[in-house]
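Here's the structure, in structure tokens; my notes come after.
The values are calculated or read from the model by the stated rules, or taken from the named source; none is laboratory data. Note that this is a predicted model, so its numbers are computed, not measured. Here the Cβ positions follow ideal geometry from the backbone for every residue, glycine too, while neighbour counts run over all protein chains shown. In case anyone asks, the SASA skips ligands and DNA or RNA and just uses the protein heavy atoms, side chains included. Shrake-Rupley method; radii C 1.70, N 1.55, O 1.52, S 1.80 Å.
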Amino acid sequence: MFNLKTLVRPNILALKPYSSARDEFKGDEGVFLDANENPFGTLNRYPNSDQKKLKQKLFDYNGIEAKNTFIGNGSDEIIDLIHRIFCNPGQDKALTFTPTFGMYQVAADINNIELITLPLNDDFQINRNDLKPHFKDANLKVIFICSPNNPTGNCFNASDIQFILKNFNGIVIIDEAYADFSDEQSWQNSFETYPNLIVIKTFSKAWALAAARIGIAYASDSIIKLLNTIKMPYNISKLNESAAIDALDNRKDFEANKQIILEEKKQLIQELKSLNIIKKIYPSDANFLLVEVDNANELYQQLVDQKVITRNRNSLVENAIRITVGKPEENKQLIKALTYLTGF
Ligand SMILES: *Cc1c(COP(=O)(O)O)cnc(C)c1O
């Protein structure tokens, strides 16, 4: 049986969050002499600690209520907070499926948590038989699922994800950083069915706001309360919140740019296919392509020499390079560089 209270670290369960003066006084107007701010300037006041306006915009966009929404300083912050809520350092464990996003390992290491890494199968899918024995491990508290997965680009089978949600009594995190580029159904509303689910999204990829550092978590109100309890009071700057609100207000730009990226991706696949330097293009639900070449280390360097920077993923998938879909002229430059290396 899933029981949230028994999963939370005792010190976090007992924690009394920092309370600011602005939390106590709810009005907008008055003479504010409470927070030792400078009375001059435009960014002189502390921001709201609950990002009410951004959460309202998100509700207008996707219908998920503020009580089920948490805003983090990038999804990286959310990944760290999840470790800190559920995993006792030096004692508890997290689990993920490799190859995958490197931040799960970094966050586990920072928090002194053992991360169990189960290899994906040849189709980069989850192997249930490898996973099942771990459900019995009382110290396993969280499972990180990255879908669409970075760096492989594919979504995991929905039936495997559902199997984990139903059979694992700990917390299941689905990182949907790239879901905006995919036709697969998002899990963002599924916390109503699965009280152990946290879905993470970000403004860093399809929303084109990597510099603004805005990540989102959708989960039950009990889990959202825990995230709000342990976050730093002013984790989101007013500038960053405004940038996300502007992006949501300009949805046409978001849609148009996304369409260009998806079109470019299709074209890039065609062009890469025609180059014999490219041995394989893995299926992708994201804004990047994982490709297999003869010698990834060498090709990566040869591309750098032509000022085209890709991501060498040879250490994760043998002789694989991850290529982000860029602007049309950038993709042309990549193809030009590859064509040159092919020696046509
Ligand atoms: C890029 C990426 C993120 C985004 O992280 P932010 O901190 O929100 O910028 C999250 N998860 C995965 C798998 C990513 O590739």
Cα pair distances exceeding 30 angstrom across the chain, given as percent: 43 percent
Net charge over other residues, Cβ less than 14 angstrom from the Cβ of PRO47 (K, R count +1; D, E count -1): +3
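Among the complete DSSP H segments of the chain, which ones combine at least 30 Å of alpha-carbon extent along their axis with a mean Kyte-Doolittle hydropathy of 1.6 or more?
none
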Separation of alpha-carbon centers, region 1-74 and region 155-198, rounded to whole Å: 26 Å
Candidates per GluC sites (Glu not before Pro) in region 124-199, loop by DSSP, up to 16 other Cβ within 10 Å: GLU184
Leading residue at positive end of dipole, the chain (Cβ point charges), from SER182, SER49, ALA286: SER49
Heavy-atom accessible area per residue - region 252-342, 1.4 Å, Å²: 58 Å²
Per principal axis, descending, Cα span of region 74-121 in whole Å: 31, 27, 14
Distance violations [Cα-Cα > 27 Å] among LYS93/LYS225; LYS205/LYS266; LYS136/LYS205: LYS136/LYS205
Hull shadow area, averaged, region 203-285 [alpha-carbon convex hull, nm²]: 8.2 nm²
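Can you give the local net charge around GLU271? Use residues other than it whose beta-carbon is closer than 12 angstrom to its beta-carbon, Lys and Arg +1, Asp and Glu -1.
That sum, taken over residues with Cβ under 12 Å, equals +4.
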Calculated over region 220-336: convex hull of Cα atoms, volume per residue (Å³): 183 Å³
The chain - mean residue ellipticity at 222 nm from DSSP helices (-39,500 (n - 2.57) per run, n ≥ 4, rounded to 500): -11000 deg cm²/dmol
Share of Cα-Cα pairs in region 1-104 lying beyond 25 Å, as whole percent: 45 percent
LYS201, LYS16, reordered so the largest accessible area comes first (probe 1.4 Å): LYS16, LYS201
